1. Quick one: in segment 38-64, which of the residues that are surrounded by 14 or more Cβ atoms within 10 Å (Cβ to Cβ) and modelled with pLDDT of 95 or more is farthest from N3 (Cα to Cα)?
2. Quick check on segment 1-15: of everything there that is among the hydrophobic types (A, V, I, L, M, F, W, C) and in a loop (DSSP other than H, G, I, E, B), which residue is most open to solvent (accessible area, probe 1.4 Å)?
3. Which of the residues that make up segment 16-26 are in contact (Cβ under 8 Å) with a residue 12 or more places away in the chain and part of a strand (DSSP E or B)?
4. In segment 16-36, what count of residues is obtained for those that are aliphatic (A, V, I, L, M) and buried (at least 20 other Cβ atoms within 10 Å of the Cβ)?
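The values are calculated or read from the model by the stated rules, or taken from the named source; none is laboratory data. No experiment lies behind these values; they were computed from the predicted model shown. Don't worry about glycine lacking a Cβ; one is built from the backbone with ideal geometry, like all the others, and counts go over all protein chains shown. Quick note on the areas: whole protein, heavy atoms, side chains included, nothing else; ligands and nucleic acids left out. Shrake-Rupley method; radii C 1.70, N 1.55, O 1.52, S 1.80 Å.
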Amino acid sequence: MRNLRYSARKNDRDEYWSVIDIFTGQPTFYKNIQLDCLDFDEVDDMVDCLNYLNIRRMGTLKQP
């Protein structure tokens, strides 16, 4: 399996989650919104979406 750029991480200080960019180790931004303080379902969906967009942008996703 290829390395995916985005992952989910539980926040230490509360019950929320963040979408982490593995290259920076920091919460990422999407359309100028920091993807921090999300519930698990939101972060799971955003990780999938951002990884899909990144793979597509890199040209490694085969189109049907």
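1. In the first step, residues of segment 38-64 are kept if they are surrounded by 14 or more Cβ atoms within 10 Å (Cβ to Cβ); the result is 38, 42-44, 46-47, 50-51, 53-55.
After this cut, where a residue has to be modelled with pLDDT of 95 or more as well, the list is 38, 42-44, 46-47, 50-51.
Working: L38: 23, E42: 21, V43: 18, D44: 17, M46: 17, V47: 13, L50: 13, N51: 10 Å.
Once the filter is applied, the top-ranked residue is L38.
2. Filtering first and then ranking leaves M1.
3. Within segment 16-26, W17, S18, V19, I20, D21 meet the criteria.
4. Number satisfying all stated conditions: 3.
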